[in-house]
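First comes the structure, then the notes that go with it.
The values are calculated or read from the model by the stated rules, or taken from the named source; none is laboratory data. None of these values were measured; they are calculated from a predicted model. Note that each Cβ is placed from the backbone with ideal geometry, even for glycine, and that neighbours are counted across all protein chains shown. Note: areas computed on protein heavy atoms with side chains; ligands, DNA, RNA excluded. Shrake-Rupley method; radii C 1.70, N 1.55, O 1.52, S 1.80 Å.
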Amino acid sequence: MAFELEKLLRPHILQIKPYSSARDEYTGKIGVFLDANENPYSALTGEPFNRYPDPYQADIKEKLAPIKGVAQEQIFLGNGSDEAIDLLMRAFCVPGKDNIILLPPTYGMYEVSASINDIAIKRVNLTADFQLRTQAILEAVDENSKIIFICSPNNPSGNKMDRKAIREIIQKFHGLVVVDEAYIDFSDEPSFTTELGHYPNLLVMQTFSKAWGLANLRIGMAFASEKIIRILNLIKPPYNISGLTQQKVLDSLDKADQLEALVKEVLKERIMLVEALDELSFVLECYPSHANFVLVKMDRARKIYEYLIHEMIIVRDRSKVVLCEDCLRISVGTQEENTQLIEALKRYEPILKNL
């Protein structure tokens with residue numbers, strides 16, 4: 001079945017008239033701005049935060065497009081990737097009727113956003129080695145299935161998904177396939193942004209929170225066809241990214257040539273962290289990672305998690321997540337932070353033996 005965007009959308013979406021401002025008609029940066037009821041003075045901060053920011057972040061997209069190898073019109077920027085997730089459900093899923101397909105264990109916000117929007121969830125668990133069960137996923141699809149979310153590299157398992165399997169799902173599913181690549185900069189896998197021209201039903205999400213080190217700014221990226229991006233811009237809040245955030249992102253893009261070195265440093269620390277963890281008697285397995293974290297199966301993981309909390313070392317307990325029993329997810333820290341973790345775990349080793 002061919003992908004038809006207009007038929008996939010909720011019927012009323014194309015009739016919506018977006019919020020508009022005079023800034024949509026006048027895009028210049030110099031002028032006398034008396035259109036938006038702003039305070040003309042910026043005395044409290046001494047900086048020009050009294051003016052509303054660019055609603056479509058044109059300067060960022062101009063710099064980002066060549067880095068990602070896409071057109072500016074194929075980029076959506078949101079308040080974290082969570083905003084794009086929410087907007088996709090609002091645009092494509094009829095509450096109380098449609099469903100999305102999730103592949104546990106996976107990123108938790110897909111389910112949270114679906115629950116908020118009253119969207120049903122179909123779950124198809126990954127295999128024991130956290131890969132896609134392609135046939136089972138396609139068999140779960142019904143006439144009300146609108147979106148399949150594939151996280152690759154996956155959170156919390158850290159592995160990259162089989163590329164051939166992802167392609168098969170995109171090709172055979174009549175709805176939208178979202179490939180969430182929040183951790184792609186830490187992987188040797190090429191981004192699916194390179195395949196946007198082949199698949200009109202593909203949307204790729206990335207973020208400035210991980211490799212770029214801008215988690216505090218909350219800015220996510222979505223890449224898709226111009227038609228899909230126009231829909232997201234149609235229904236987003238008018239000023240969803242602050243001017244201060246936009247400026248900080250622009251500053252980072254000016255230093256994009258330094259990103260590779262930062263990523264290499266994280267990858268070096270990941271190797272050393274895994275080697276140290278593997279030497280501990282209670283570590284049963286460190287799962288292969290293409291992200292800036294490692295999923296670690298441990299003997300009595302919950303006890304170890306609580307011990308680390310007492311030591312003021314915070315990791316993520318994933319023990320109750322499907323396929324992640326007795327697992328902790330550990331982010332790769334600085335060399336000093338990783339050393340603190342390992343030393344704390346070494347101190348715990350004799351305690352665990354006596355339990």
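Points worth noting:
- Residues being of a type in the set (A, V, I, L, M, F, W, C), touching a residue at least 24 places away in the same chain (Cβ under 8 Å) and within 22 Å of Pro237 (Cβ to Cβ) - total across segment 6-58: 5
- Selection within segment 1-41 - within 15 Å of Pro53 (Cβ to Cβ), open to solvent by less than 70 Å² (accessible area, probe 1.4 Å) and either under 27 Å from the mean Cα position of the chain (by Cα) or of a type in the set (D, E, K, R) (or both): Arg23, Asp24, Asp35, Glu38
- For segment 290-313, the set of residues classified as open to solvent by 20 Å² or more (accessible area, probe 1.4 Å) and touching a residue at least 12 places away in the same chain (Cβ under 8 Å) consists of His290, Asn292, Lys297, Asp299, Arg300, Arg302, Lys303, Tyr305, Tyr307, Glu311, Ile313, listed by residue number.
- Taken over segment 266-286, the criterion of being touching a Cys at 6+ places or on another chain (Cβ under 8 Å) and open to solvent by less than 60 Å² (accessible area, probe 1.4 Å) is satisfied by Val274, Leu277.
- Extreme residue, nearest to Leu88 (Cα to Cα), among residues of segment 121-132 that are out of contact with any Asp or Glu (no Cβ under 7 Å at 6 or more places or on another chain) and not basic (Lys, Arg): Val124
- A search for C-beta distances below 8 Å between a residue of segment 274-289 that is closer than 16 Å to Lys160 by Cβ and touching a residue at least 40 places away in the same chain (Cβ under 8 Å) and any residue that is among the basic types (Lys, Arg) and not in a loop (DSSP other than H, G, I, E, B), counting only pairs 6+ apart in sequence or on different chains, returns Tyr287/Lys297; Ser289/Arg270.
- Among the conditions (1) part of a helix (DSSP H, G or I); (2) within 18 Å of the chain's Cα centre (by Cα), the only one that Ser252 does not satisfy is (2).
Here is a yes/no grid of residues against (1) free of Cβ contacts under 8 Å to residues at least 40 places away in the same chain; (2) among the hydrophobic types (A, V, I, L, M, F, W, C); (3) assigned to a helix (DSSP H, G or I):
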{"residue": "Ile166", "(1), (2), (3)": "yes, yes, yes"}
{"residue": "Ile170", "(1), (2), (3)": "yes, yes, yes"}
{"residue": "Pro200", "(1), (2), (3)": "no, no, no"}
{"residue": "Ile228", "(1), (2), (3)": "no, yes, yes"}
{"residue": "Tyr239", "(1), (2), (3)": "no, no, no"}
{"residue": "Glu260", "(1), (2), (3)": "yes, no, yes"}
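- Count of segment 116-170 residues, restricted to those that are on the phi < 0 side of the Ramachandran plot and open to solvent by less than 50 Å² (accessible area, probe 1.4 Å), is 35.
- Residue that is nearest to Asp257 (Cα to Cα) [pool: residues in segment 45-73 that are open to solvent by 40 Å² or more (accessible area, probe 1.4 Å) and touching a Lys or Arg at 6+ places or on another chain (Cβ under 9 Å)]: Gln72
- Taking the criterion of being of a type outside the set (Ser, Thr, Tyr) and surrounded by 13 or more Cβ atoms within 10 Å (Cβ to Cβ), the residues of segment 246-264 that qualify are Gln246, Gln247, Lys248, Val249, Leu250, Leu253, Ala256, Leu259, Leu262, Val263.
- Selection within segment 321-345: residues that are free of Cβ contacts under 8 Å to residues at least 60 places away in the same chain and in contact with a Lys or Arg (Cβ under 9 Å, 6 or more places away or on another chain). The member of this set that is surrounded by the fewest Cβ atoms within 10 Å (Cβ to Cβ) is Glu325.
- Selection within segment 70-84: residues that are more than 14 Å from Ile231 (Cβ to Cβ) and part of a helix (DSSP H, G or I). The member of this set that is farthest from the chain's Cα centre (by Cα) is Gln72.
- The set of residues from segment 90-124 being within 15 Å of the chain's Cα centre (by Cα) and assigned to a helix (DSSP H, G or I) comprises Met109, Tyr110, Glu111, Val112, Ser113.
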